[in-house]
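Asker: Provided herewith is a single structure, encoded as structure tokens, for subsequent inquiry.
The values are calculated or read from the model by the stated rules, or taken from the named source; none is laboratory data. The structure displayed is predicted, hence computed values, not measured ones. A quick note on method: Cβ atoms are made from the backbone with ideal geometry, for glycine too, and the neighbour counts reach across all protein chains shown. Areas reflect the complete protein model, heavy atoms only, side chains present, ligands, DNA and RNA absent. Shrake-Rupley method; radii C 1.70, N 1.55, O 1.52, S 1.80 Å.
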Amino acid sequence: MHIPALTRRRFVAGMGIGATSAVMLAACGEEEAAPAPAPAPQQAAAPQAAEAPAAQAPAASAPVAAATPAMAAQESMVQPENVEIRFVTDHTAGPRGAAMQWGLARFAEKRPDIFVKLEPAANLIDSLAIQFAAGTAPHVALLSQSDFLRFHEEGAFTEISGELAKRDDFVPEDYYFLPDAYTFNNIDHSFPQPELMTGPQFGMPFQFAISGFVANISLAEGAGVTLPDSDGGWTWDDWTEWDAKMTNPDTGAYGTWARDDYEFQYMPQMYSNGMKKPFNDTLSKTMYDLPEAGEAWEYLINKIFVHETSPPADQVKELGGEFGNPFAAGKIGIWPSGRVYSTGFAVPRIKDRFTWTLLPEVIAGRGGPPGHSTNDQPDLVTNSAERDGSIEQSTALAVFLGGEEYQGRVGIDRGHMPVHRAAIAAPTSVAPPPEGMKWLKVYADRPDNRSLYPFNTWREWWFQHRARGQKGWVGDQSPAESLQACQDWGVQHLSTYDGPAPYVAAPVYT
């Protein structure tokens, strides 16, 4: 297979607005500075992380769980030739860094013939565009779905379908699947999407993200609120009632933290209120002109300015104080967010100051299916692997990081959601803290979840969208005015979109 030549001009010209480090962190679902690695859940002792991932000193600890046939198959596929693999990731601190340190040390034990050179990411997207053009890209890179859709057209990635077919430890049914993120499926954003991994494959699932609800049990009980513990056990009306009970101006407590959070807050509420997709079929506009979208947007913003049961944006930093955010500080009753899939960031902040939990899904005003926002940042094998003759070794690393053993460790450190179905259900993954970790699997198993990036210029669209929408969240415009501005921007951007077709097919290699 021949990879077409890349040019710096073609890559940089297609970048649109440059991605910043903050955007990369937001794409990972973590906008705050990372605290110390989270301790292991109470029911299981965690293996200790290695001192330095780049050096790959062998880990002295045991695997997370007893070896399964898939894990044994990984260990048996050792190649004799020593090969260096360059791997770029931003999983270098906090619970994600702890899992990665452990994982690279474990991988060194399993494949001593492969030396993994970890290259921490900073401004990843801009630097990778130049590296791809110069032929100096790392062999394996942690990227997003929109990055895959953008870069693949220049032949930036190496197909690994053949290598995966040789492996006994790769079973497509074992993973949560997001189309067109590391496979070519030409799937639009209609739902439900296929749940079984299929199509030419250029990487492996790795960092799955999903929306949901976390709640402060201690604050709720103190206000006389009994939080639900059964599927479909609460509604928007319940939420409004509980907000009023939990809000206490004297203590600075609020029922909810409503915020300008596209992926993990207001889009999921639009879905649960009956909106089936974020864009129309021709990708010429967003669907904010539907009443089910406007109602959800207004419902959340009204918590701030009408009911005053959510803190305004200018008070958030003060409320968070030394704990980083108001929820970790114990000032928020219910937080619809991505914290459900990254609870490891909150555990060392909250410690035992209060008891908290994941909640079941809310039933919105129009009673639509809950439908969570999801994304997956895969580990993609680049064209450097084919050029250097290291496709097998690069594939082995990507498979290990997406596999049951490593994702089981993810379930302990909880920097993100395990993408492996067996790992998310492991006892170490559902053990508290927080309570209610069982709901994470319930969220992930829904057939009507939605993903984020159906087109290549998503980042450019998002920057401008957020600038317009924020005026509603800070009170400079009414909810209706700010959402209309977002809708108008979507039409403006998408109607003049002259890039590749929204749902692009695989590039033609000659």
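Asker: With every protein chain kept in place and ligands, DNA and RNA left out, what is the accessible area per residue of the range 277-321? Probe 1.4 Å, answer in Å².
Answerer: In whole numbers, the range 277-321 has 47 Å² accessible per residue.
Asker: Let me ask another. For the range 238-323, which whole-number percentage of the solvent-accessible area (1.4 Å probe, protein heavy atoms only) is attributable to carbon and sulfur atoms?
Answerer: Looking at the range 238-323 in its full context, I get 49 percent from C and S.
Asker: At 4 °C and 1.567 mPa s, grab the translational diffusion coefficient of the range 380-430 from Stokes-Einstein with a Kirkwood Rh over Cα pairs, rounded to a whole number in µm² per second.
Answerer: 110
Asker: Once you have the Cα-Cα distance between Phe115 and Ser161, take 0.36 nm times their residue separation minus that, and quote the gain in nm to one decimal.
Answerer: In short, 14.3 nm is gained.
Asker: How would the range 342-421 be classified by its alpha-carbon gyration tensor: rounded, prolate or oblate, with rounded meaning a/c under 1.5 and the a/b versus b/c comparison settling the rest?
Answerer: Oblate, since a/c reaches 1.5 and b/c is not below a/b.
Asker: Which far-off residues, 5 or more places away or on another chain, put their amide H under 5 Å from the one on Tyr254, with H placed in the peptide plane?
Answerer: Under 5 Å from the amide H of Tyr254: Asn248, Ile332, Gly333.
Asker: Here is a follow-up. Along the range 292-309, what does the Karplus equation 6.51 cos²θ - 1.76 cosθ + 1.60 (θ = phi - 60°) give for ³J(HN,Hα), rounded to whole Hz, x for Gly and Pro?
Answerer: For the range 292-309, the Karplus curve yields 5, 6, x, 5, 5, 4, 5, 4, 6, 5, 5, 4, 7, 9, 9, 7, 6, 10 Hz.
Asker: Let me ask something else about it. With +1 on each Lys and Arg Cβ and -1 on each Asp and Glu Cβ, how big is the dipole of the range 271-351 about its Cα centre, in debye rounded to the nearest 20?
Answerer: Once rounded to the nearest 20, the dipole reads 400 debye.
Asker: A follow-up question, please. Can you give the log10 of the normalised intensity I(q)/I(0) at q = 0.09, 0.17, 0.23 Å⁻¹, computed with Debye over equal Cα scatterers of the range 75-203?
Answerer: Those come out to -0.31, -1.16, -1.49, one per q.
Asker: Between Phe463 and Asp237, 0.36 nm times their residue separation minus their Cα-Cα distance comes to what?
Answerer: Contour length minus the Cα-Cα distance gives 78.1 nm.
Asker: Just the number, please: percent antiparallel of the DSSP beta bridges in the range 80-202, rounded to the nearest 5.
Answerer: 10
Asker: In addition: Would you grab the residues whose amide H sits under 5 Å from the one on Asn449? Only those 5+ places off in sequence or on another chain, please, with H modelled 1.01 Å from N.
Answerer: Here His372 satisfy the definition.
Asker: Would you mind putting 82-92, 344-354 in packing order, based on average other-beta-carbon counts within 10 Å, highest first?
Answerer: Listed from highest to lowest mean packing, they are 82-92, 344-354.
Asker: Based on the mean of other Cβ atoms within 10 Å per residue, sort peptides 214-227, 392-405 so the most packed one is first.
Answerer: 392-405, 214-227
Asker: If you don't mind, another one. For Leu290, project a label point 7 Å along Cα to C-beta. Then give me every residue of the range 440-456 with its amide nitrogen under 18 Å of that point.
Answerer: The answer is 447-455, whose backbone nitrogens lie closer than 18 Å to the label point.
Asker: For the range 351-387, list residues with backbone N below 19 Å from a point placed 7 Å from the Cα of Glu195 toward its Cβ?
Answerer: Only 361, 369-376 pass the distance filter.
Asker: Now a separate question. How many percent of the alpha carbon pairs in the range 138-247 exceed a separation of 24 Å?
Answerer: The share of Cα pairs beyond 24 Å in the range 138-247 comes to 48 percent.
Asker: Report the Cα centroid-to-centroid distance between the range 294-314 and the range 384-459 in angstrom, as an integer.
Answerer: When both Cα centres are located, 33 Å separates them.
Asker: Please list, in chain and number order, the residues 5+ apart from Arg259 or on another chain whose amide H is under 5 Å from its amide H, with Hs placed from the backbone.
Answerer: none
Asker: Here is a further query. Probe radius 1.4 Å, ligands and nucleic acids ignored: give me the carbon and sulfur share of the accessible area of the range 137-189 as a rounded percent.
Answerer: Heavy-atom surface of the range 137-189 belonging to carbon and sulfur, 1.4 Å probe: 43 percent.
Asker: Ratio of Rg to Rh for the range 182-303, alpha carbon only, Kirkwood?
Answerer: For the range 182-303, the value is 1.06.
Asker: Roughly how many whole Å is it from the C-alpha centroid of the range 230-285 to that of the range 114-167?
Answerer: 36
Asker: Ok, one more. Pairwise over distinct Cα atoms, reciprocal of the mean inverse distance: report the Kirkwood radius of the range 281-362 in Å, one decimal place.
Answerer: 15.1
Asker: Follow-up. Dipole of the range 359-419 (Lys/Arg Cβ +1, Asp/Glu Cβ -1, origin at the Cα centre): which of Ser394, Gly371, Val410 lies farthest to the positive side?
Answerer: Result: Gly371, furthest along the dipole toward the positive end.
Asker: Please report the carbon-and-sulfur percent of the accessible area for the range 339-484; probe 1.4 Å, protein heavy atoms only, DNA, RNA and ligands left out.
Answerer: 51
Asker: OK, next. Quick one: 3J(HN,Hα) in Hz for the range 352-357, Karplus 6.51/-1.76/1.60 with θ = phi - 60°, rounded, Gly and Pro as x.
Answerer: Listing the rounded values in order: 10, 5, 7, 9, 9, 7 Hz.
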